[in-house]
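Asker: What follows is a single structure, and I will ask about it in a moment.
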Amino acid sequence: MSEPLKAHAPDTPRPHGDVGPLTRPSGQLDHLADLYRQMFLIRRLEEEAARAYAQGKIGGFLHLYIGQEAVAVGSIATLKPEDYVVTTYRDHGVAIAKGMSANALMAELYGKATGCSKGLGGSMHMFDAATNMLGGYGIVGGHIPLAAGVAFASKYRADGRVTLCYFGEGAVSIGGFHEGVSLAALWKLPIVFICENNEYSMGTPLSRTMSVEDVSMKALGYGIDRDRFFADDVLTVEQRIGEAVQRARELSLPTLVEIRTYRFRGHSMSDPAKYRTSAELEERKKRDPLFRAREQLTKEGYAEARLVALEGDVEKEVQAAVKFAEESPEPDASILEPTTYDGPFAA
């Protein structure tokens, strides 16, 4: 067993090659291109979901991940396929990064039988047992103890798996946050708690919701490691979360990580986001992790033609997913009994 990892001071930059997950391919540019492809796929799927929602093809709530893609893509790049993720209702990006197909995601948004949950979950409840994406949850903070339970099961079985648990800054004032983190610390569970701090709890800014804006400081009360940084660079996310994942896997110790990010849309499609200025939004768009990744690829010699081809392939995948969702059948009464009594994917 390696020596215990020490948490770095919040916001301390480190070079990309310092520490990283063992799963990273040797070709750094090809790896970054793959991460960029995932982020671009999430961005385009979300944009098409917004369009379909405006056209009345998607109902209910729709919480978009536009602007936050680097968090899911960078953090999940540190995992093994058998590892678990548990997240909030802003779950589309996490589901795609964990391996859910664009077809299954879009069909679920459309409420179709070919969706990941046969159209019964919708936007806030993406779930895919095959990829160990254990769900998006609609109750703020309510899923954090569930994620701790998943990590407890891994420790009990000694299966070597790690759990990532995502939540927004609004959840850290919820009792479930305390319960989940407290038990993870007490039982030394292999879990990484990731606070996606997008600076607005629905429409309320940090200054009006938190007495101490540094969420990672809460780790001190539980005696666990912490980290804090901005998600402008997907490779930074991968590296920093990779350290926490390694700590969880090798030492069975939890970590609380605050990742400062920013959503470019409102809290949901029903939110016009008038609580922030257009100048603020435009300034933050200059730090868009997608543009930064593309710029870095170009600067370091990744051919523009390859990027254009990559983006073209993503566009084809997105349009195919929209077509698949629109042409898929609605769920019918035949699924009521098996999904109610026998499990969601029986029969």
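Asker: Scan the range 76-102 for residues that are among the β-branched types (Val, Ile, Thr) and part of a strand (DSSP E or B) and report the count. Give the steps one after another, and end with the answer.
Answerer: First, pick out the residues of the range 76-102 that are among the β-branched types (Val, Ile, Thr): 76, 78, 85-88, 94, 96.
Of the ones still in play, those that are also part of a strand (DSSP E or B) are 85-88.
Residues in the range 76-102 being among the β-branched types (Val, Ile, Thr) and part of a strand (DSSP E or B): 4 in total.
Asker: Could you list all residues from the range 94-114 that are within 20 Å of Pro338 (Cβ to Cβ) and touching a residue at least 24 places away in the same chain (Cβ under 8 Å)?
Answerer: Applying the first criterion (within 20 Å of Pro338 (Cβ to Cβ)) to the range 94-114 yields 104, 107-108, 111-114.
Within the range 94-114, Ala104, Ala107, Gly111, Lys112, Ala113, Thr114 qualify.
Asker: Could you check the range 144-158 and list, in sequence order, the residues that are without any contact (Cβ under 8 Å) to a residue 12 or more places away in the chain, of a type outside the set (Lys, Arg) and more than 21 Å from Gly221 (Cα to Cα)? Before you say what the answer is, go through the steps one by one.
Answerer: Residues of the range 144-158 without any contact (Cβ under 8 Å) to a residue 12 or more places away in the chain: 149, 153, 156-158.
Keeping just the survivors that are of a type outside the set (Lys, Arg) gives 149, 153, 156, 158.
The answer is Ala153, Tyr156, Ala158.
Asker: Do any strands (runs of 3 or more DSSP E) lying entirely in the range 159-258 carry at least 1 residues that are in contact with a strand residue (DSSP E or B) (Cβ under 9 Å, 6 or more places away or on another chain), surrounded by fewer than 20 Cβ atoms within 10 Å (Cβ to Cβ) and touching a residue at least 60 places away in the same chain (Cβ under 8 Å), and which ones are they?
Answerer: Numbers: elements: 163-168, 191-197, 225-230.
In the range 159-258, the matching strands (runs of 3 or more DSSP E) lie at 225-230.
Asker: Related question: Can you give me the number of residues within the range 297-316 that are under 26 Å from Glu48 (Cα atoms) and over 27 Å from the mean Cα position of the chain (by Cα)? Break it down into steps so the answer makes sense when it comes.
Answerer: Going residue by residue through the range 297-316, those that are under 26 Å from Glu48 (Cα atoms) are 297, 304-316.
Checking which are over 27 Å from the mean Cα position of the chain (by Cα) leaves us with 304-305.
So the count comes out to 2.
Asker: Next question. State all residues of the range 65-92 that are of a type outside the set (Lys, Arg) and under 19 Å from Leu120 (Cα atoms); if no residue qualifies, say none. Talk me through it step by step, then tell me what you get.
Answerer: Step one: filter the range 65-92 for residues of a type outside the set (Lys, Arg), giving 65-79, 81-89, 91-92.
Once the filter is applied, which keeps residues that are of a type outside the set (Lys, Arg) and under 19 Å from Leu120 (Cα atoms), the range 65-92 yields Val86, Thr87, Thr88, Tyr89, Asp91, His92.
Asker: Please verify whether the range 223-236 includes one or more residues that are within 20 Å of Asp83 (Cα to Cα), modelled with pLDDT of 90 or more and not aliphatic (A, V, I, L, M).
Answerer: No; the residues of the range 223-236 include none that is within 20 Å of Asp83 (Cα to Cα), modelled with pLDDT of 90 or more and not aliphatic (A, V, I, L, M).
Asker: Residues of the range 142-154 being closer than 17 Å to Glu82 by Cβ and either touching a Phe, Trp or Tyr at 6+ places or on another chain (Cβ under 7 Å) or not in a helix (DSSP H, G or I) (or both), which ones?
Answerer: Val150, Phe152
Asker: Something else now. Just checking, which of Leu64, Leu22, Leu29 is more than 19 Å from the chain's Cα centre (by Cα), under 18 Å from Phe291 (Cβ atoms) and modelled with pLDDT under 95?
Answerer: Values: Leu64 fails: more than 19 Å from the chain's Cα centre (by Cα); Leu22 fails: under 18 Å from Phe291 (Cβ atoms).
None of the other options fit; the residue is Leu29.
Asker: Something else now. Among Asp34, Asp128, Asp83, Asp91, which is the only one that is touching a strand residue (DSSP E or B) at 6+ places or on another chain (Cβ under 6 Å) and of a type in the set (D, E, K, R)?
Answerer: Working: Asp34 fails: touching a strand residue (DSSP E or B) at 6+ places or on another chain (Cβ under 6 Å); Asp128 fails: touching a strand residue (DSSP E or B) at 6+ places or on another chain (Cβ under 6 Å); Asp83 fails: touching a strand residue (DSSP E or B) at 6+ places or on another chain (Cβ under 6 Å).
It is Asp91.
Asker: Going residue by residue through the range 335-347, is there one that turns out to be among the aliphatic types (A, V, I, L, M) and modelled with pLDDT of 95 or more?
Answerer: So the first thing to find is which residues in the range 335-347 are among the aliphatic types (A, V, I, L, M), and the list is 335-336, 346-347.
Subsequent filtering for residues that are modelled with pLDDT of 95 or more retains none.
Checked the range 335-347: no residue is among the aliphatic types (A, V, I, L, M) and modelled with pLDDT of 95 or more.
Asker: State all residues of the range 122-139 that are part of a loop (DSSP other than H, G, I, E, B), surrounded by fewer than 20 Cβ atoms within 10 Å (Cβ to Cβ) and among the aliphatic types (A, V, I, L, M); if no residue qualifies, say none.
Answerer: Ile139 - this is the single residue of the range 122-139 that is part of a loop (DSSP other than H, G, I, E, B), surrounded by fewer than 20 Cβ atoms within 10 Å (Cβ to Cβ) and among the aliphatic types (A, V, I, L, M).
The values are calculated or read from the model by the stated rules, or taken from the named source; none is laboratory data. Being a predicted model, the structure only gives us computed values, none of them experimental. Positions of Cβ are backbone-derived with ideal geometry, glycine not excepted, and every protein chain shown enters the neighbour counts.
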